[in-house]
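Heads up: the structure comes next, in structure tokens.
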Amino acid sequence: MIRDRMKSQVSPKQLARALQVSESSVKRWCDQGAIATVRTAGGHRRIAISTVIDFLQKHEYRLVEPEILGLPVTTGSTERMLERAQPTFREALLCGDEQRARAVVLDLFLANHELSAILDDVVAFSLHEIGERWSCGDVDVYQERRACEISLRVLHEIRQVLPRKEPPVGLAIGATPGSDLYHVPNTMVDLVLRQVGWDTHNLGVGLPFDTLRQAIAHHRPRLFWLSVSHVDDSDQFISDYESLFSSAPPETAFVVGGRALNESLRRHLHYASFCDNLRHLESFARSLAATPPQVSGVVSGTVNENRAF
Ligand code: B12
């Protein structure tokens with residue numbers, strides 16, 4: 001049973017107790033600007049949880065009582081090595097231990113591991129293993145689905161603590177198409193783009209191509225992503241996708257990925273970049289963010305169409 005959910009703001013007193021330092025130290029850090037603070041109507045200092053996480057990533061302080069901030073009690077004591085954390089995360093998913101799963105991912109995030117690496121090597125890898133075990137009959141469908149739901153809640157919690165870049169580097173919108181009901185990879189793409197500084201609109205799963213065309217026409221995003229884990233009819237998908245691509249404004253960069261985009265399907269598609277994993281996405285999203293919108297020319301990456309982005 002989930003006891004706590006992460007608080008959105010905490011007081012200097014709460015942070016001091018969680019770190020077991022004096023309240024006056026925390027207040028001094030706030031007043032010196034080391035910790036960004038907001039004031040309540042009554043003039044009391046309040047600290048956003050994303051600021052606390054950012055502070056912990058940059059300083060050697062350890063969370064002694066994480067539950068005061070609404071974090072799992074084991075936060076700070078689980079594995080800080082990706083490869084060692086992965087089996088702990090997988091087992092927590094398999095037995096439905098959500099607190100443990102939350103703590104594993106939060107600890108890796110607090111230990112300053114790249115978000116894309118945590119998502120690729122721990123969360124995605126664990127779901128791949130669970131899928132394998134399902135296909136061999138070792139794992140029941142309910143365990144696979146519960147693992148997915150727990151992973152989604154953990155991802156949404158990370159989204160809460162990601163510091164927002166102001167102004168954002170650009171607008172990115174995306175979804176999964178048609179009959180594709182895979183939430184996790186789509187949510188992960190949204191998270192990695194947000195961490196790079198993009199303003200993201202995650203449109204969700206199973207969207208008809210017509211409405212994707214409307215969304216692109218209305219918002220003219222600098223980046224459009226499509227996560228494709230399941231395709232019913234490849235020919236139909238190719239024609240729908242290609243007409244979406246050719247209807248999009250020249251400045252919109254198409255980034256695609258997902259297990260269903262095998263090589264034979266990709267050969268028929270136009271896009272700015274195909275990514276096998278989120279590390280690739282992070283590199284592409286950073287290079288696009290650093291590239292001012294151009295009238296002509298080519299952006300590096302697996303390009304198969306001259307388009308200005
Ligand atoms: C959970 C799950 C489901 C759930 C998803 C629920 C939800 N809320 O999301 C549901 C119930 C939808 C489901 C349904 C089915 N599933 Co299923 N499912 C899975 C499972 C266990 C995990 C999926 C997942 O989230 N993986 C984690 C993600 C993050 O990993 P990923 O997809 O590899 O994504 C990575 C990269 O591809 C990349 N990436 C992905 N998308 C994008 C997008 C962009 C823009 C970028 C840059 C990168 C990128 O980055 C990610 C991180 O590294 C997989 C096992 C597996 N191997 O993944 C089976 C699996 C994919 N399912 C499978 C099957 C067969 C099905 C069904 C056909 C079963 C059935 N007969 O009904 C249906 C299809 C339904 C449909 N219309 O979509 C098989 C597919 C086999 C095959 N050869 O393709 C698998 C592999 C299980 C197995 N081992 O057999 N499934």
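The values are calculated or read from the model by the stated rules, or taken from the named source; none is laboratory data. This is a predicted model, so every value here is computed, not measured. With ideal geometry, Cβ positions are generated from the backbone for all residues, glycine too; neighbour counts draw on all protein chains shown. Note: areas computed on protein heavy atoms with side chains; ligands, DNA, RNA excluded. Shrake-Rupley method; radii C 1.70, N 1.55, O 1.52, S 1.80 Å.
At 25 °C and a viscosity of 0.890 mPa s, what translational diffusion coefficient does Stokes-Einstein give for the chain, taking Rh as the Kirkwood radius over Cα pairs? Give it in µm²/s as a whole number.
The diffusion coefficient I find is 117 µm²/s.
Using the beta-carbon distance between E83 and K165 and R0 = 30 Å, what value does 1/(1 + (r/R0)^6) give for FRET efficiency, to the nearest 0.05?
Approximately 0.50, to the nearest 0.05.
Using the Cβ atoms and a cut-off under 12 Å, what net charge is assigned to the surroundings of D199, where Lys and Arg are +1 and Asp and Glu are -1?
+2
Cα-based Rg of the range 1-155 per 2.2 N^0.38 Å, rounded to two decimals?
1.17
Hey, got the dipole for the chain? About the Cα centre, +1 on K and R Cβ, -1 on D and E Cβ, debye to the nearest 20?
In debye, rounded to 20, the chain gives about 1520.
I'd like the FRET efficiency for A217 and S25, computed as 1/(1 + (r/R0)^6) with the beta carbon distance as r and R0 of 51 Å, rounded to 0.05.
E(calc), rounded to 0.05, equals 0.45.
For helix 234-247, what angle does its Cα long axis make with the longest principal axis of the chain, in degrees from 0 to 90 and rounded to 10?
Once rounded, one gets 80 degrees.
May I ask you to evaluate 6.51 cos²θ - 1.76 cosθ + 1.60, the Karplus curve with θ = phi - 60°, for each residue of the range 286-293 and list the ³J(HN,Hα) values in order in whole Hz, giving x for glycine and proline?
Coupling constants for the range 286-293: 5, 5, 5, 4, 7, 9, x, x Hz.
Hey, what angle do you get for helix 183-196 against the long axis of the chain, alpha-carbon based, 0 to 90 degrees rounded to 10?
Computed tilt is about 70 degrees.
Along the range 104-115, what does the Karplus equation 6.51 cos²θ - 1.76 cosθ + 1.60 (θ = phi - 60°) give for ³J(HN,Hα), rounded to whole Hz, x for Gly and Pro?
For the range 104-115, the Karplus-derived couplings read 4, 5, 5, 5, 5, 5, 5, 7, 6, 6, 4, 4 Hz, x marking Gly and Pro.
Using only the heavy atoms of the protein chains and a 1.4 Å probe, how would M81, M188 rank by accessible area, largest first? Mind dumping the intermediate values first?
Values: M81 85, M188 10 Å².
So the residues, ranked largest to smallest area, are M81, M188.
State, to one decimal in nm², a quarter of the convex hull surface area for the C-alpha atoms of the range 115-173, i.e. the direction-averaged projected area.
5.2 nm²
Please give the direction-averaged projected area of the C-alpha convex hull for the range 82-161, in square nanometres with one decimal.
The number I arrive at for the range 82-161 is 4.6 nm².
Restricting to the chain, what percent of DSSP beta bridges are antiparallel, rounded to 5?
For the chain, the DSSP antiparallel bridge percentage is about 20.
Please build a GNM for the chain, connecting alpha carbons under 10 Å apart, and tell me which residue among L63, L223, L269 fluctuates the most.
L269
Rounded to a whole number of µm²/s, how large is the Stokes-Einstein D of the range 171-300 at 37 °C and 0.692 mPa s, given Rh as the Kirkwood radius over C-alpha pairs?
Here the translational diffusion coefficient equals 225 µm²/s.
Hey, can you grab everything whose amide H is under 5 Å from the amide H of Q9? Only 5+ residues off in sequence or another chain; H modelled, so Pro and N-termini drop out.
I49
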